[in-house]
Amino acid sequence: MIPSIKTCYIIMDKYEMLENIKAHSVVVAKIARLIASGLEKAGLNISVHKATAAALLHDIGKTPSLKYGGDHTEIGKMICLKNHFEEIADIVAEHVIIKGYEFDGDYSEKEIVYYADKRVNHDRIVNLDERLAYILERYGKSQQGLRSRIRENFKLCIKVEGKLFSKLDFRPESLSYLVAGEETDLDA
(Lines give C-alpha, C1' and ligand atoms only; values in the text may rest on other atoms or scores of the structure.)
Protein backbone atom coordinates (compact mmCIF):
# COMPACT_ATOMS: atom_id res chain seq x y z
CA MET A 1 0.00 0.00 0.00
CA ILE A 2 1.09 3.57 -0.64
CA PRO A 3 0.08 5.82 2.26
CA SER A 4 -1.81 9.05 1.69
CA ILE A 5 -0.18 12.34 2.64
CA LYS A 6 -2.45 12.48 5.70
CA THR A 7 -1.36 8.97 6.71
CA CYS A 8 2.30 9.94 6.28
CA TYR A 9 1.83 12.73 8.81
CA ILE A 10 0.05 10.36 11.20
CA ILE A 11 3.02 7.95 10.91
CA MET A 12 5.48 10.81 11.47
CA ASP A 13 3.65 11.63 14.72
CA LYS A 14 3.30 7.97 15.73
CA TYR A 15 7.07 7.47 15.46
CA GLU A 16 7.75 10.88 17.07
CA MET A 17 9.65 12.30 14.10
CA LEU A 18 11.63 15.30 15.29
CA GLU A 19 10.37 18.61 13.88
CA ASN A 20 13.63 19.39 12.06
CA ILE A 21 13.53 15.97 10.37
CA LYS A 22 9.87 16.51 9.45
CA ALA A 23 10.72 19.93 7.94
CA HIS A 24 13.54 18.32 5.91
CA SER A 25 11.22 15.54 4.74
CA VAL A 26 8.56 17.98 3.57
CA VAL A 27 11.05 19.87 1.38
CA VAL A 28 12.39 16.57 -0.01
CA ALA A 29 8.78 15.57 -0.79
CA LYS A 30 8.12 18.86 -2.58
CA ILE A 31 11.14 18.29 -4.81
CA ALA A 32 10.24 14.64 -5.39
CA ARG A 33 6.67 15.57 -6.35
CA LEU A 34 7.86 18.28 -8.72
CA ILE A 35 10.32 15.93 -10.45
CA ALA A 36 7.86 13.01 -10.53
CA SER A 37 5.15 15.25 -11.99
CA GLY A 38 7.53 16.49 -14.66
CA LEU A 39 8.60 12.96 -15.59
CA GLU A 40 4.98 11.80 -15.68
CA LYS A 41 4.15 14.76 -17.92
CA ALA A 42 7.05 13.69 -20.18
CA GLY A 43 5.29 10.34 -20.64
CA LEU A 44 7.29 8.20 -18.23
CA ASN A 45 5.71 5.57 -15.99
CA ILE A 46 6.20 7.33 -12.65
CA SER A 47 3.80 7.50 -9.70
CA VAL A 48 3.72 11.00 -8.24
CA HIS A 49 1.83 9.63 -5.24
CA LYS A 50 4.46 6.94 -4.57
CA ALA A 51 7.40 9.34 -4.93
CA THR A 52 5.74 11.91 -2.65
CA ALA A 53 4.81 9.41 0.08
CA ALA A 54 8.26 7.78 0.00
CA ALA A 55 9.91 11.19 0.25
CA LEU A 56 7.74 12.19 3.21
CA LEU A 57 8.70 8.99 5.02
CA HIS A 58 12.29 8.60 3.78
CA ASP A 59 13.68 9.57 7.21
CA ILE A 60 11.01 7.86 9.34
CA GLY A 61 13.75 5.74 10.91
CA LYS A 62 15.97 8.71 11.82
CA THR A 63 14.46 9.55 15.22
CA PRO A 64 14.55 5.93 16.50
CA SER A 65 18.10 5.67 15.12
CA LEU A 66 19.18 8.76 17.03
CA LYS A 67 17.55 7.48 20.23
CA TYR A 68 18.57 3.83 20.11
CA GLY A 69 21.21 3.46 17.41
CA GLY A 70 21.08 1.51 14.18
CA ASP A 71 20.90 2.30 10.49
CA HIS A 72 18.04 4.74 9.92
CA THR A 73 17.41 3.40 6.41
CA GLU A 74 16.88 -0.16 7.65
CA ILE A 75 14.79 1.05 10.59
CA GLY A 76 12.72 3.11 8.15
CA LYS A 77 12.19 0.11 5.89
CA MET A 78 11.03 -1.96 8.88
CA ILE A 79 8.61 0.79 9.95
CA CYS A 80 7.18 0.88 6.43
CA LEU A 81 6.76 -2.89 6.32
CA LYS A 82 5.21 -2.95 9.81
CA ASN A 83 2.64 -0.41 8.60
CA HIS A 84 1.96 -2.30 5.34
CA PHE A 85 3.65 0.29 3.11
CA GLU A 86 5.43 -2.38 1.06
CA GLU A 87 5.41 -0.26 -2.09
CA ILE A 88 7.66 2.40 -0.56
CA ALA A 89 9.76 0.31 1.85
CA ASP A 90 12.62 -0.27 -0.60
CA ILE A 91 12.68 3.40 -1.57
CA VAL A 92 13.05 4.35 2.10
CA ALA A 93 15.76 1.70 2.51
CA GLU A 94 17.78 3.03 -0.43
CA HIS A 95 17.39 6.79 -0.17
CA VAL A 96 21.00 7.19 1.01
CA ILE A 97 22.66 4.67 -1.32
CA ILE A 98 20.91 3.03 -4.25
CA LYS A 99 21.88 -0.61 -4.53
CA GLY A 100 22.49 -2.12 -7.96
CA TYR A 101 21.70 1.11 -9.79
CA GLU A 102 21.61 0.88 -13.57
CA PHE A 103 21.96 4.24 -15.27
CA ASP A 104 20.28 2.95 -18.42
CA GLY A 105 17.40 1.35 -16.49
CA ASP A 106 13.84 2.60 -16.26
CA TYR A 107 13.16 5.84 -14.42
CA SER A 108 12.00 5.16 -10.88
CA GLU A 109 10.59 6.76 -7.77
CA LYS A 110 13.63 5.36 -5.95
CA GLU A 111 16.07 7.51 -7.89
CA ILE A 112 13.79 10.54 -7.53
CA VAL A 113 13.74 10.30 -3.71
CA TYR A 114 17.46 9.49 -3.60
CA TYR A 115 18.19 12.62 -5.64
CA ALA A 116 15.69 14.88 -3.86
CA ASP A 117 17.22 14.00 -0.48
CA LYS A 118 20.66 15.02 -1.74
CA ARG A 119 19.32 18.47 -2.66
CA VAL A 120 18.04 19.39 0.82
CA ASN A 121 20.28 20.46 3.68
CA HIS A 122 18.12 20.62 6.78
CA ASP A 123 15.07 22.35 5.25
CA ARG A 124 16.86 24.39 2.57
CA ILE A 125 17.34 23.47 -1.07
CA VAL A 126 21.03 23.47 -1.97
CA ASN A 127 23.10 22.28 -4.91
CA LEU A 128 24.88 18.93 -4.81
CA ASP A 129 28.28 20.50 -4.02
CA GLU A 130 26.88 22.23 -0.92
CA ARG A 131 25.17 19.07 0.27
CA LEU A 132 28.32 17.01 -0.31
CA ALA A 133 30.39 19.47 1.73
CA TYR A 134 27.88 19.27 4.58
CA ILE A 135 27.74 15.44 4.53
CA LEU A 136 31.55 15.21 4.50
CA GLU A 137 31.82 17.58 7.45
CA ARG A 138 28.95 16.05 9.44
CA TYR A 139 29.59 12.35 8.85
CA GLY A 140 33.00 12.01 7.20
CA LYS A 141 35.14 13.92 9.69
CA SER A 142 38.59 12.30 9.51
CA GLN A 143 37.53 8.87 8.24
CA GLN A 144 39.15 8.69 4.80
CA GLY A 145 37.41 5.48 3.76
CA LEU A 146 33.99 6.89 4.58
CA ARG A 147 34.81 10.20 2.90
CA SER A 148 35.77 8.32 -0.26
CA ARG A 149 32.48 6.34 -0.25
CA ILE A 150 30.49 9.54 0.27
CA ARG A 151 32.25 11.18 -2.70
CA GLU A 152 31.56 8.11 -4.88
CA ASN A 153 27.90 8.22 -3.89
CA PHE A 154 27.68 11.87 -4.93
CA LYS A 155 29.31 11.05 -8.28
CA LEU A 156 26.44 8.64 -8.84
CA CYS A 157 23.99 11.33 -7.75
CA ILE A 158 25.37 13.69 -10.41
CA LYS A 159 24.65 10.99 -13.01
CA VAL A 160 21.14 10.50 -11.62
CA GLU A 161 20.61 14.27 -11.82
CA GLY A 162 21.64 14.24 -15.49
CA LYS A 163 19.32 11.34 -16.23
CA LEU A 164 16.31 12.87 -14.46
CA PHE A 165 16.73 16.33 -15.93
CA SER A 166 17.25 15.02 -19.46
CA LYS A 167 13.46 14.44 -19.50
CA LEU A 168 12.35 17.51 -17.54
CA ASP A 169 11.46 20.92 -18.92
CA PHE A 170 13.30 22.73 -16.08
CA ARG A 171 16.87 22.67 -14.79
CA PRO A 172 18.30 21.62 -11.40
CA GLU A 173 19.10 25.27 -10.67
CA SER A 174 15.36 26.07 -10.86
CA LEU A 175 14.28 23.79 -8.01
CA SER A 176 14.37 26.45 -5.28
CA TYR A 177 12.32 28.87 -7.36
CA LEU A 178 9.82 26.25 -8.53
CA VAL A 179 9.29 24.72 -5.09
CA ALA A 180 8.87 28.16 -3.50
CA GLY A 181 6.20 29.04 -6.06
CA GLU A 182 4.31 25.77 -5.73
CA GLU A 183 1.01 25.69 -3.88
CA THR A 184 1.09 22.56 -1.81
CA ASP A 185 -0.82 20.33 0.55
CA LEU A 186 2.43 19.02 2.02
CA ASP A 187 2.93 21.68 4.67
CA ALA A 188 1.82 20.34 8.04
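The values are calculated or read from the model by the stated rules, or taken from the named source; none is laboratory data. Note that this is a predicted model, so its numbers are computed, not measured. Neighbour counts run over all protein chains shown; Cβ positions are idealised from the backbone, glycine included.
Miscellaneous remarks
- Close contacts from the stretch 70-84, counting a first residue that is outside any helix (DSSP H, G or I) and a second that is surrounded by fewer than 13 Cβ atoms within 10 Å (Cβ to Cβ), with Cβ to Cβ under 8 Å and a gap of 6+ residues or different chains, come to 84/1.
- Looking across 152, 161, one residue alone is touching a Pro at 6+ places or on another chain (Cβ under 7 Å), assigned to a helix (DSSP H, G or I) and either under 24 Å from residue 107 (Cα atoms) or not small (Gly, Ala, Ser) (or both). It is 161.
- Subset of the stretch 99-111 [in a loop (DSSP other than H, G, I, E, B) and either under 21 Å from residue 31 (Cβ atoms) or not charged (D, E, K, R) (or both)]: 100, 101, 103, 105, 106, 107, 108
- Matching option when the condition is closer than 23 Å to residue 146 by Cβ and in a helix (DSSP H, G or I), among 96, 26, 92: 92
- Residues located in the stretch 166-186, provided they are within 16 Å of the chain's Cα centre (by Cα) and in a helix (DSSP H, G or I): 172, 175, 176, 179
- Test: residue 63 is closer than 15 Å to residue 118 by Cα and not small (Gly, Ala, Ser): no
- Any chance residue 50 is surrounded by fewer than 24 Cβ atoms within 10 Å (Cβ to Cβ), part of a helix (DSSP H, G or I) and of a type outside the set (Phe, Trp, Tyr): yes
- Within the stretch 98-145, the residues that satisfy the criterion of being in contact (Cβ under 8 Å) with a residue 12 or more places away in the chain and hydrophobic (A, V, I, L, M, F, W, C) are 98, 103, 112, 113, 116, 120, 125, 128, 132, 135, 136.
- Residues in the stretch 37-50 that are in contact with an Asp or Glu (Cβ under 7 Å, 6 or more places away or on another chain) and closer than 17 Å to residue 182 by Cα: 38, 48.
- The lone exception for residue 75 - which of (1) within 15 Å of the chain's Cα centre (by Cα); (2) modelled with pLDDT of 90 or more; (3) crowded, with 18+ Cβ neighbours inside 10 Å; (4) over 23 Å from residue 48 (Cα atoms) it fails: (1)
- Residue match in the stretch 1-20 (condition: of a type in the set (Val, Ile, Thr), closer than 21 Å to residue 172 by Cα, part of a helix (DSSP H, G or I) and touching a Ser or Thr at 6+ places or on another chain (Cβ under 9 Å)): no
- Any chance residue 115 is at pLDDT 95 or above, among the hydroxyl-bearing types (Ser, Thr, Tyr) and either assigned to a loop (DSSP other than H, G, I, E, B) or surrounded by 13 or more Cβ atoms within 10 Å (Cβ to Cβ) (or both): yes
- Filter result for residue 40 (farther than 21 Å from residue 160 by Cα, assigned to a helix (DSSP H, G or I) and not hydrophobic (A, V, I, L, M, F, W, C)): no
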